[in-house]
Amino acid sequence: MATEATPTADAADLSSDDDSEIRLRNVTKRFDDLVAVDDLDLTIRNGELLVLLGPSGCGKSTTLRMIAGLEVPSEGSIEIGGEEVTEALPQKRDLSMVFQSYALYPHKTVRGNLAFPLGKMDIDDDEADERIRRTAELLEIDDLLDNKPGQLSGGQRQRVALGRTIVREPKAFLMDEPLSNLDAKLRVQTRSEVRSLQQSLGTTTVYVTHDQEEAMSLADRIAVMNDGRLQQIGTPKEVYENPVNEFVAGFLGEPSMNFLDADRLRGVDTSDDSFAETATVGVRPEDIAVAEEASGRADGGRTYELDGEVLVVEPLGNAYEVEVDCGDDRVTARLRDRPSAISPDSAVTLRLPADAVHRFGADGEVIG
Ligand code: ATP
């Protein structure tokens with residue numbers, strides 16, 4: 001029996017089946033003497049949300065701008081969906097870029113704002129109407145189509161702005177800190193909307209941020225950059241649990257990992273060759289136990305120790321953060337429960353389970 005095709009608001013209708021893998025090969029970008037991006041090899045897989053994460057000036061925006069076609073690499077090549085686009089104009093790439101500030105047209109309705117990006121495309125009115133309808137339904141702004149931006153809440157405006165990106169049905173979304181001008185609460189809410197939207201559309205997305213928490217919560221994979229160079233790429237869990245160097249270890253996690261001179265720990269087996277090469281050890285606040293507390297990881301493995309004096313105990317609602325003065329180092333521990341014996345000036349012993357201790361050589365690279 002022949003079935004009639006009926007229009008649906010299924011997210012799959014808005015996504016593209018095309019291969020839209022983005023591949024950067026040995027891409028370098030120089031601005032005069034400054035190397036903004038240094039020999040970057042990076043593949044953004046078809047349909048994934050990849051976050052470019054790193055501190056200000058590390059080259060994330062320049063990388064995104066090269067993918068968009070707003071900058072041309074000094075060296076190397078860029079492919080999108082198997083096609084070389086290294087020097088292609090932005091409008092030839094079929095990508096949609098979302099910036100920090102969402103400028104909606106205040107005098108146009110929501111419908112008018114959504115229709116605007118379609119004006120430059122080669123599609124007829126029926127197709128345009130259908131795309132607007134699907135996009136509005138997906139973003140749950142379909143009952144606002146006749147309103148002007150001034151009549152919308154901040155979150156609704158944000159969704160209209162996202163809608164303008166989606167309605168074009170591009171090969172990929174490029175997002176440069178799109179949430180940084182929102183207040184904290186709206187940022188977290190919009191972040192999860194971006195995530196679920198991207199998942200239902202399955203559109204390849206490159207998302208730039210310096211906020212590690214945002215990166216952890218959004219990404220399929222995170223590419224961590226510093227000084228124009230790719231440091232590590234992996235799932236949030238991989239880069240958090242197995243950082244390849246001190247930079248990545250310190251950049252991910254809040255409060256950040258503690259770093260100590262390796263020779264300050266008690267209980268280290270000095271005959272262990274790999275420990276002999278260790279210059280610095282890193283341990284995350286949540287992996288440290290204080291005083292006689294069971295570490296919670298008592299698995300028969302070894303535990304290292306370090307003595308200190310409590311400086312501050314800070315209640316965080318669901319945990320306690322304890323700052324401990326260990327001579328040359330200040331160590332932060334995060335505890336679920338406050339041990340009764342711990343208060344400022346208490347002498348304590350910090351217990352570091354060996355399997356939670358990251359070891360780094362003098363060059364900052366992980367050992368083992
Ligand atoms: P932020 O988060 O602050 O935007 P970023 O990681 O995105 O930082 P980029 O904007 O890519 O960093 O900049 C990388 C380096 O290149 C910086 O040192 C920056 O000053 C420099 N740079 C970027 N664009 C230009 C330009 N058009 N001319 C000269 N230098 C530039």
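Structural remarks
- Segment 208-260 shape via C-alpha gyration tensor axes, a/c threshold 1.5: rounded
- Relative to one another, the C-alpha centroids of segment 319-365 and segment 211-254 are positioned 22 Å apart.
- Computed about the Cα centre, the dipole magnitude for the chain is approximately 1080 debye when only Lys and Arg (+1) and Asp and Glu (-1) carry charge, each at its Cβ.
- When both bridge partners sit in the chain, DSSP labels roughly 75% of those beta bridges antiparallel.
- Positive end of the dipole of the chain (Cβ unit charges, origin at the Cα centre): among LEU49, ASN26, ALA115, the Cα lying farthest that way belongs to ALA115.
- Prolate/oblate/rounded call for segment 301-352, Cα gyration tensor, a/c under 1.5 rounded: oblate
- Nearest-20 debye value, segment 119-186 charge dipole, Cβ charges on Lys, Arg, Asp, Glu: 400 debye
- Alpha-carbon centroids, segment 52-94 and segment 101-127: separation in whole Å: 26 Å
- Gyration tensor (alpha-carbon) shape descriptor, segment 116-223, a/c threshold 1.5: oblate
- Convex hull of Cα atoms in the chain, direction-averaged projection (nm²): 25.1 nm²
Here, each number is a calculation from the coordinates, and none is a lab measurement. In this text the structure is predicted, and so the values were computed from the model without any measurement. All Cβ positions, even for glycine, are placed from backbone atoms using ideal geometry, and neighbour counts span all protein chains on display.
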